[in-house]
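The values are calculated or read from the model by the stated rules, or taken from the named source; none is laboratory data. As the structure is a prediction and not an experimental result, all values here were calculated from the model. When we count neighbours, we look across all protein chains shown, and the Cβ atoms used for this are built from the backbone with ideal geometry, even at glycine.
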Amino acid sequence: MKAHVGLNVADLERSIDFYTKIFGEKPVKVKDDYAKYEPKQFDLHFTLNVHSNVSGNQVNHFGIQVGSQRDIDFHKQRLEKLGFFTREEQNTQCCYALQDKFWITDPDGNEWEFFYTKQDIEIKDRTDVYCS
């Protein structure tokens with residue numbers, strides 16, 4: 001099985017540039033109003049769909065879970081070298097877990113977190129807006 005995400009975007013070229021850098025590969029299909037990715041490292045079918053009126057974070061946020069702290073460090077450094085601003089969080093409580101993570105924002109204002117779960121916890125941080 002493969003998860004599918006269809007994302008509305010205002011500027012297809014800017015979004016293709018952003019997601020090509022995030023996934024580390026080009027889309028497998030591009031049309032005037034559409035692009036499709038099938039990233040090899042994810043069980044994901046991801047599409048960009050052009051709409052004239054897009055306002056970011058209609059979905060709360062997106063995330064990419066990695067398997068180690070080394071993976072977090074690798075992707076953070078990789079994306080910063082490509083010019084992305086990253087917002088880092090260390091030892092943060094989120095979604096009933098203790099995590100290290102960083103955040104980036106796509107051209108339409110959608111937030112993406114790259115996160116590593118260190119351990120599950122029983123108490124949810126009351127300031128945790130992403131897992132409300």
Study note, to complete from the structure: Across the range 77-97, the tally of residues that are at pLDDT 90 or above and among the aliphatic types (A, V, I, L, M) stands at 2
**Study point:** Subset of the range 1-37 (residues that are touching a His at 6+ places or on another chain (Cβ under 6 Å) and surrounded by 14 or more Cβ atoms within 10 Å (Cβ to Cβ))
**Key:** N8
Check your understanding: Just checking, which of F62, F46 is surrounded by 15 or more Cβ atoms within 10 Å (Cβ to Cβ) and either over 13 Å from D108 (Cβ atoms) or among the basic types (K, R) (or both)?
Key -> F46
Review point. Quick one: would you say Q99 is farther than 24 Å from A10 by Cβ and surrounded by 15 or more Cβ atoms within 10 Å (Cβ to Cβ)?
Key: yes
Point to revise | Criterion: among the hydroxyl-bearing types (S, T, Y) and over 15 Å from the mean Cα position of the chain (by Cα) - qualifying residue of T105, T117 | key: T117
Study note, to complete from the structure: Pairing a residue in the range 1-20 that is more than 15 Å from G109 (Cα to Cα) and in the same structural domain as Q41 (by TED's automatic domain parsing) with any residue that is among the basic types (K, R) and assigned to a loop (DSSP other than H, G, I, E, B), where Cβ atoms lie under 9 Å and the two sit 6 or more apart in sequence or on different chains, gives T20/K26
Review point. Got a sec? Which strands (runs of 3 or more DSSP E) wholly within the range 15-82 have at least 1 residues that are of a type outside the set (A, V, I, L, M, F, W, C) and touching a Ser or Thr at 6+ places or on another chain (Cβ under 6 Å)?
Key: 34-37
